[in-house]
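Structure record follows, encoded as structure tokens.
The values are calculated or read from the model by the stated rules, or taken from the named source; none is laboratory data. Keep in mind it's a predicted model, so treat the numbers as computed, not measured. Positions of Cβ are generated from backbone atoms using ideal geometry, with glycine treated the same way; all protein chains shown enter the neighbour counts.
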Amino acid sequence: MKIDKKLIKELVDNLKEFNLTELEYQEGQTKIKVSKASKATEPSKTSAVVPQNKAVLKQSDDGEGIRVKSPIIGTAYLSPEPGAKKFVEVGDKIKKGQTVMIVEAMKTMNHVPSSNDGEVKKILVEDGQPVEFGQTLVILK
């Protein structure tokens, strides 16, 4: 097996950028895990697994609405490019499959589609904000 040094460097850069101590990446049968020692007095253990590009959808427990969650760890962008119109705004009626935002991970732009029709009730992240896997991005009603 040939070691992809460029991929490993990108994973290490992501450790630093997102202040993680451990990161796991898997593609097919190849699995790469990078980690670093924590300088904190009490070691913290954070890991991230990059799933397939599908938004996690969940009905919230408090009856607030349908939560569209991040399918991946990365940086959230509310518009396709700086200065462009946002994908969605609070109050917009959206259709299933419509892009609600982009999450960039390892220089790849991952479109996050809505899994339901609905109205945007809340957008819980700011443009350019780092997001975690499973973090709620948008709430639909």
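List of remarks:
- In the condition set (1) surrounded by fewer than 14 Cβ atoms within 10 Å (Cβ to Cβ); (2) at pLDDT 75 or above; (3) not assigned by TED's automatic domain parsing to the domain that holds residue 9, residue 31 is compliant with all but (3).
- Positions within the stretch 100-120 being surrounded by 14 or more Cβ atoms within 10 Å (Cβ to Cβ) and among the hydroxyl-bearing types (Ser, Thr, Tyr), in sequence order: 114, 115
- Within the stretch 121-134, the set of residues being part of a loop (DSSP other than H, G, I, E, B) and surrounded by 12 or more Cβ atoms within 10 Å (Cβ to Cβ) comprises 124, 125, 127, 129, 132, 133, 134.
- Residue list for the stretch 74-112, filter: touching a residue at least 40 places away in the same chain (Cβ under 8 Å), in contact with a Gly (Cβ under 9 Å, 6 or more places away or on another chain) and closer than 30 Å to residue 8 by Cβ: 75, 76, 77, 105, 106, 110
- Qualifying residue in the stretch 83-92 (condition: farther than 28 Å from residue 117 by Cβ and at pLDDT 50 or above): yes
- The selection criterion, being in a strand (DSSP E or B) and not assigned by TED's automatic domain parsing to the domain that holds residue 8, does not hold for residue 116.
- Considering (1) modelled with pLDDT of 80 or more; (2) out of contact with any helix residue (DSSP H, G or I) (no Cβ under 9 Å at 6 or more places or on another chain); (3) not acidic (Asp, Glu), the lone condition that residue 106 does not fulfil carries the number (2).
- Exactly one residue out of 19, 14 is assigned to a loop (DSSP other than H, G, I, E, B), under 21 Å from residue 129 (Cβ atoms) and modelled with pLDDT of 75 or more: that is 19.
- Contacts under 7 angstrom Cβ, first residue in the stretch 25-38 being polar (S, T, N, Q), partner at pLDDT 75 or above and surrounded by 12 or more Cβ atoms within 10 Å (Cβ to Cβ), 6 or more apart: 35/21; 35/22; 38/21
- Qualifying residue in the stretch 117-129 (condition: touching a Gly at 6+ places or on another chain (Cβ under 7 Å), free of Cβ contacts under 8 Å to residues at least 60 places away in the same chain and basic (Lys, Arg)): yes
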